[in-house]
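The structure appears below as structure tokens.
The values are calculated or read from the model by the stated rules, or taken from the named source; none is laboratory data. Keep in mind the model is a prediction, meaning the values are calculated, not measured. With ideal geometry, Cβ positions are generated from the backbone for all residues, glycine too; neighbour counts draw on all protein chains shown.
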Amino acid sequence: MYALVEILGKQYKAEKGVTLKVDKIEKAKGEKIEFDSVLLVSDKDDVKVGAPYVKGAKIQAQIEDHGKDKKIIVYKYKRRKDYHRKKGHRTQFTTIRITDIIGVGK
């Protein structure tokens, strides 16, 4: 069984026991969270597609860890104008483990 879920404006494929790396969630490590913005739920032959979300479907997860990605370099340049700027940032993320997928009709 898997589901497509929207977390903070991005879509992820969630399966039970899988670890996902999502944008930073302001919750403590080890805390349980629930997402109800499920776009699709698939259980072998039974597929339910939402418009836009599947009613009654939920994803339960647990926060594993917080961290920072590798540095991303942002370089701006205009030729022949003596203009160049180099900046960078490290995007913060949260790893979550999917504990359960609650579909419709169970």
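Pairs, please: C-beta under 6 Å, at least 6 apart or cross-chain, first residue charged (D, E, K, R) and in the range 37-59, second crowded, with 18+ Cβ neighbours inside 10 Å?
K48/V41; K48/V54
So, R90, is that one touching a Lys or Arg at 6+ places or on another chain (Cβ under 6 Å), of a type in the set (K, R) and more than 30 Å from M1 (Cα to Cα) or not?
So R90 fits the description; yes.
Does E26 satisfy being surrounded by fewer than 14 Cβ atoms within 10 Å (Cβ to Cβ), part of a loop (DSSP other than H, G, I, E, B), modelled with pLDDT of 95 or more and more than 10 Å from the chain's Cα centre (by Cα)?
Yes; evaluated as a whole, the condition is true for this residue.
Just one of the numbered conditions (1) charged (D, E, K, R); (2) closer than 24 Å to L8 by Cβ; (3) modelled with pLDDT under 95 is not true of K106; which one?
(2)
Counting only residues that are among the charged types (D, E, K, R) and surrounded by 14 or more Cβ atoms within 10 Å (Cβ to Cβ), which one in the range 46-65 is farthest from E26 (Cα to Cα)?
K48
Could you please let me know if E64 is touching a residue at least 24 places away in the same chain (Cβ under 8 Å), touching a Lys or Arg at 6+ places or on another chain (Cβ under 7 Å) and closer than 13 Å to D100 by Cα?
no
I'm told A61 meets every condition in (1) assigned to a loop (DSSP other than H, G, I, E, B); (2) closer than 24 Å to K13 by Cβ; (3) aliphatic (A, V, I, L, M); (4) at pLDDT 95 or above except one. Can you identify the failing condition by its number?
(1)
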